[in-house]
Amino acid sequence: MQPFSYVRPASAADAVGAFAAAGSGARFIAGGTTLYDLMKLRIEQPGHLIDVTAIRGLDVIETGGDRLRFGALAPMSAVAADPVVLRDYPVLAEALTKAASQQLRNMATVGGNLLQRTRCMYFRNGAGSTSTVGVYPCNKRAPGSGCAAIGGLDRGQAVLGTSASCTAVSPGDWPVALTAMDATIEVLGPAGTRTLPIAELYRLPGDTPHLEFTLAPGEMITAITVPKTPAGRRSTYHKIRDRESYAFALASAAVALEMAGERVTIARIALGGMATKPWRAHEAEQAVIGQALTPETALAAGRIALKGASPGKSNGFKVELGARTVADALLIASARNRA
Ligand code: SF4
């Protein structure tokens, strides 16, 4: 492993200052559930680690007022167990609970989880040689080297938002639920504070798949806010995977609904496991407005959500699986909070 320096500042301002002083080889670290793995695999080789876990007040969970606010250092397990989140926003609690094992949820933070990197096996397992490209070409790991997944083993790859340079799936569950709920990200950096909608945090791969997030160098996520909505009570995160526990999504859907009687008045739908970034399905949302949800209308919306999918040689099954996952999520959500 490459040698690195380590500091543990006591304030967010000091952390940002330490990053700026360290230069381009610096990385923030919190729970470490992704970054340490990637360092062991020699995919990430930071020269300086800025450990933010000593910063007070960044783990606060606020559920009063007109929004939920989660400090970036709040553990995933703590947010998933919050009574207001559990009761009024099951889509958030379920996304967190299904994201990882209990041990990982205790360590991982809700801010750090937004910046998970892909599980594409060519990305993760390809750095183990002395060449700059590694064992496999990967434009995300070694820009300009090519993409081993295109034409390779692509069963788990994305079918939405892909490019000729990269088809890697965005791996998160929590970001998908937050995308459906129109969350906002609070950021602190060298230029001060700013907020951005979660939809603007993630980039499509295009011809620069190594650029995954829109954070500027030295910016750290400090909090996540979610506007309160009655749709939260009629929501779900539905995740389909190869095995029931501790696996990444083959397909997932975050759905939240408002209904008048049997008919949908407001719908929020986001997809995971199928796209190169958390994927909001606006057209499918419009398709269910005014509808009573039946297996037929829900599947029709699911098919709209997957419109434009572009599978490779072995992941065509994801198109139908994704449509059915959306349909199931719509039916699950619509059955909630009927009392
Ligand atoms: Fe790398 Fe993306 Fe290709 Fe995977 S799909 S090998 S991450 S460029």
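Would you calculate the separation in nanometres between label points at residue 14 and residue 207, each defined as 7 Å from the Cα along the Cα-to-beta-carbon direction?
Going by the 7 Å Cα→Cβ label model, 4.6 nm.
Around residue 223, which amide H atoms from residues at least 5 apart in sequence, or from another chain, sit under 5 Å from its own amide H, with H modelled in the peptide plane?
72, 186
Which value results for Rg/Rh of segment 23-171 when Rg is the Cα radius of gyration and Rh the Kirkwood radius based on the inverse mean 1/r?
Values: Rg = 17.9 Å, Rh = 17.3 Å.
Using only Cα positions, Rg/Rh for segment 23-171 is 1.03.
Hey, what do the phi angles of segment 291-305 turn into as Karplus ³J(HN,Hα) couplings, whole Hz, using 6.51/-1.76/1.60 and θ = phi - 60°, x for Gly and Pro?
Karplus values, whole Hz, x for Gly and Pro: 8, 8, 7, 10, x, 6, 5, 5, 5, 4, 5, x, 5, 5, 4.
Output the relative contact order of the chain, whole-number percent, from Cα pairs under 8 angstrom with separation of 6+ residues. It would help to have the intermediate numbers written out before the result.
Values: 795 pairs, mean separation 55.0, N = 339.
Contact order relative to length: 16 percent.
Looking at segment 241-323, which GluC sites (Glu not before Pro) are in a loop (DSSP not H, G, I, E or B) and have at most 16 other Cβ atoms within 10 Å? Provide the component values of the computation, followed by the final result.
Details: sites: 244, 258, 262, 283, 285, 296, 320; in loops: 244, 262.
Filter output for segment 241-323: 244, 262.
Against the globular-protein guess of 2.2 N^0.38 Å, express the Cα radius of gyration of segment 235-334 as a ratio, rounded to two decimals.
Values: Rg = 12.9 Å, N = 100, 2.2 N^0.38 = 12.7 Å.
Here the Cα radius of gyration is 1.02 times the empirical estimate.
Post the alpha-carbon centroid distance, segment 169-231 to segment 108-167, in whole angstrom.
So the two Cα centres are separated by 20 Å.
Tell me the label-point distance for the pair residue 107, residue 335, using the 7 Å Cα-to-Cβ offset, in nm and rounded to one decimal.
3.6 nm
Note down the relative contact order for segment 249-327 as a percent, whole number, built from C-alpha pairs under 8 angstrom at least six residues apart.
29 percent
Would you work out the Kirkwood radius for segment 201-279? I mean one over the mean of 1/r across all pairs of different Cα atoms, in Å.
Numbers: mean 1/r = 0.0649 Å⁻¹.
Hydrodynamic radius (Kirkwood, Cα pairs) of segment 201-279 is 15.4 Å.
Loop only by DSSP, 10 or fewer other Cβ within 10 Å of the Cβ. Give me the trypsin sites (Lys or Arg not before Pro) in segment 156-250 that pass, ordered by residue number. Before the final figure, lay out each step's value.
Working: sites: 194, 203, 228, 233, 234, 239, 241, 243; in loops: 203, 228, 241, 243.
Answer by residue number: 243.
Ignoring ligands, DNA and RNA, what percent of the 1.4 Å accessible area of the chain is carbon and sulfur?
Details: 7790 of 14430 Å².
So the carbon and sulfur contribution to the accessible surface is 54 percent.
Summing +1 for each Lys or Arg and -1 for each Asp or Glu, what net charge is found among the other residues whose Cβ lies under 13 Å from the Cβ of residue 98?
+1
So what J values fall out for segment 76-81 if you push phi through Karplus, 6.51 cos²θ - 1.76 cosθ + 1.60 with θ = phi - 60°, rounded to Hz, Gly and Pro as x?
4, 5, 5, 5, 5, 9
What distance in nm separates the simple spin-label points at residue 241 and residue 4, each placed 7 Å from Cα in the Cβ direction?
Label-label distance for residue 241 and residue 4, simple model: 2.5 nm.
Out of the trypsin sites (Lys or Arg not before Pro) in segment 259-327, which ones are loop residues according to DSSP with at most 13 other C-beta atoms within 10 Å?
Values: sites: 263, 268, 280, 303, 307, 313, 318, 324; in loops: 307, 313.
Hits after loop and neighbour filter: 307, 313.
Tell me the Kirkwood hydrodynamic radius of the chain in angstroms, computed as one over the mean inverse distance between distinct C-alpha pairs.
20.5 Å
How large is ³J(HN,Hα), in whole Hz, for each residue of segment 171-181 in order, when computed from phi with the Karplus curve 6.51 cos²θ - 1.76 cosθ + 1.60 and θ = phi - 60°, using x for Gly and Pro?
x, x, 9, 3, x, 5, 4, 5, 5, 5, 9
May I have the count of lysine pairs in the chain with C-alpha atoms under 20 Å apart, counting pairs 8 or more residues apart or located on different chains?
So the count works out to 11.
Please list the non-local residues whose amide H lies under 5 Å from the amide H of residue 68, H modeled 1.01 Å from N, same-chain partners needing a gap of 5 or more.
226, 228
By the scheme Lys and Arg +1, Asp and Glu -1, what is the net charge of all other residues having a beta-carbon under 14 Å from that of residue 155?
Working: positive: 119, 241, 313, 318; negative: 154, 242.
Result for the local shell: +2.
The values are calculated or read from the model by the stated rules, or taken from the named source; none is laboratory data. Computed from a predicted model, the values in this text were never measured in an experiment. Ideal geometry is used to build each Cβ from the backbone, glycine not excepted, and the neighbour counts take in all protein chains shown. We work out accessible area using only protein heavy atoms, side chains counted, and drop any ligands, DNA or RNA first. Shrake-Rupley method; radii C 1.70, N 1.55, O 1.52, S 1.80 Å.
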